[in-house]
Amino acid sequence: MTQTPHPELGPELPGMTCLGRLGSGGFADVYLYERHHPKVRVAVKLMRSSDLAEAQRAQFAAEAAVMAELAEHPFIVPVHSAGETPDGRPYLVMGYYPNADLGARVRNNPMKVQDALRFGIQMASAVETAHRAGIIHRDIKPSNILLSRYDVPGLADFGIAGRPRDDEGDIGVSLPWSPPEVLTSASNGSVASDVYSLAATVWHLLVGRSPFAERGNNSDRAVFSRILHTPPPATGRPDVPPSLDRVLQQAMAKDPAYRPRTVLDLARHFQRIEQELRLGRTEVQVLDRDAGGTGSVPVVPMVPASRGDGPTTGSGRKHLPAPPADPEAELVTEVKPPSQVIAQPPPPVQAAPFADAGSASADRTRFSYPRTDEGPSVLTGPAPTESRSKTPAIIGVVVLFLVAAAIGIVLSRGGDDDEPDEAPPPPVET
């Protein structure tokens with residue numbers, strides 16, 4: 001669903017033509033402009049009045065600086081430039097996202113589970129990048145997530161973003177998605193508060209409303225009280241797995257200490273649920289300026305799949321157990337055919353430990369046998385009982401044969417233990 005600009009036009013700006021107004025919020029309006037060279041549409045956030053308090057001007061300038069600092073991230077709305085109108089109103093030139101924001105998208109139809117997980121992971125990537133740059137967003141909610149023509153999200157409105165140690169007194173917040181510690185002024189925003197707001201946003205995408213909005217009284221006072229005192233609810237959707245409900249409820253815990261430690265941890269939980277549901281895995285894309293000492297580079301790899309014979313991924317591939325640390329440690333002892341070992345005991349079969357990370361026990365062993373003339377088969381597991389018992393039987397037969405031969409020799413020599421006869425006397429001469 002593409003936004004239709006309001007016919008109201010903004011002021012003339014150099015190198016651009018205004019096409020209409022996109023929306024309003026706070027003390028600024030957002031207009032759609034078209035640049036002349038290159039010909040591309042942009043969104044311009046413009047202060048309504050030039051008669052602004054110094055604090056408001058500073059906040060607007062800070063938003064421009066923050067968004068410009070994070071502009072390289074694929075899921076953060078980029079700021080291209082900033083300026084001031086002839087009548088003294090500051091403005092920002094930003095990327096234009098023509099589709100409806102996520103709040104409008106789910107107003108009548110809650111989102112599919114796989115889409116909510118995808119957007120949750122992508123937004124976690126953006127917020128984690130901001131946190132690594134020392135920036136707390138403090139206003140994560142569905143309407144601040146815009147959508148491009150390709151359905152790619154962009155996190156917007158860093159108007160009240162700040163640094164973790166900033167002490168700015170009261171800040172404006174969006175009540176339905178804000179955590180208890182911010183509402184009670186125990187915190188001006190932290191990593192934990194952004195974790196809460198992102199979880200509340202994903203919950204909203206799945207249900208079509210904020211977590212503590214109910215039928216009936218949804219006054220600010222009532223919602224405020226529920227956020228402080230009511231346990232985070234489950235989504236109530238039969239297609240939402242219990243694991244996802246648990247993750248969202250934990251991330252919205254009243255006590256920040258019980259939430260996932262970072263939004264990156266929350267993203268990893270979402271990826272595990274994607275794997276549980278056999279969905280294609282969404283990439284985590286975090287940029288870190290300090291990685292390698294040069295610029296912003298991606299530093300977060302794909303989350304490792306759980307080991308063992310778990311569910312397949314969306315591509316149909318199974319995650320197999322990890323191979324042994326040293327492949328050469330898996331010894332294969334050759335066992336000769338019985339005809340070649342008649343007079344010898346069989347060589348022992350050596351077993352190498354087999355690391356089965358998917359099992360609760362690490363004591364399993366694996367036996368390997370060579371191929372026989374019958375075909376290329378490899379057996380695993382303990383040796384069959386029958387093959388172990390043949391050799392002792394053959395040895396017994398050999399022993400009996402040798403004993404019988406010895407007895408035969410003795411019998412052929414007389415069969416008794418008497419002394420041998422003396423030599424006959426010499427003949428008598430006559």
Cβ pairs under 9 Å, 6+ apart, first in region 91-116 and free of Cβ contacts under 8 Å to residues at least 40 places away in the same chain and closer than 19 Å to residue 24 by Cβ, second surrounded by fewer than 21 Cβ atoms within 10 Å (Cβ to Cβ) and not acidic (Asp, Glu): none
query: Counting only residues that are touching a residue at least 12 places away in the same chain (Cβ under 8 Å) and out of contact with any Asp or Glu (no Cβ under 8 Å at 6 or more places or on another chain), how many does region 25-62 have?
result: 23
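Does residue 34 count as over 38 Å from the mean Cα position of the chain (by Cα) and among the acidic types (Asp, Glu)? Full working, then the answer.
Details: over 38 Å from the mean Cα position of the chain (by Cα): yes; among the acidic types (Asp, Glu): yes.
Against the criterion (over 38 Å from the mean Cα position of the chain (by Cα) and among the acidic types (Asp, Glu)), residue 34 qualifies.
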task: Filter region 22-39 down to residues that are under 20 Å from residue 148 (Cβ atoms) and either surrounded by 13 or more Cβ atoms within 10 Å (Cβ to Cβ) or not assigned by TED's automatic domain parsing to the domain that holds residue 89 (or both), then give me how many there are.
output: 8
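One line per residue, one yes/no per condition, for (1) at pLDDT below 95; (2) surrounded by 15 or more Cβ atoms within 10 Å (Cβ to Cβ); (3) in a strand (DSSP E or B); (4) in contact with a Ser or Thr (Cβ under 9 Å, 6 or more places away or on another chain):
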| site | (1), (2), (3), (4) |
| --- | --- |
| 44 | no, yes, yes, no |
| 50 | yes, no, no, yes |
| 80 | yes, yes, yes, no |
| 83 | yes, no, yes, no |
| 92 | yes, yes, yes, yes |
| 111 | no, yes, no, no |
| 115 | no, yes, no, no |
query: Taking into account only those residues within region 203-258 that are polar (S, T, N, Q) and surrounded by fewer than 16 Cβ atoms within 10 Å (Cβ to Cβ), which is nearest to residue 185 (Cα to Cα)?
result: 225
query: Restricting attention to region 1-18, does a residue exist that is under 30 Å from residue 237 (Cα atoms) and either part of a helix (DSSP H, G or I) or of a type in the set (Ser, Thr, Tyr) (or both)?
result: yes
task: Read through the list (1) in contact with a Pro (Cβ under 9 Å, 6 or more places away or on another chain); (2) assigned to a loop (DSSP other than H, G, I, E, B); (3) within 20 Å of residue 103 (Cβ to Cβ), then give the number of the only condition that residue 254 fails.
output: (3)
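The values are calculated or read from the model by the stated rules, or taken from the named source; none is laboratory data. The structure presented is a predicted model; accordingly, all values stated were derived computationally and were not measured. Note: ideal-geometry Cβ built from the backbone for every residue, glycine included; neighbour counts use all protein chains shown.
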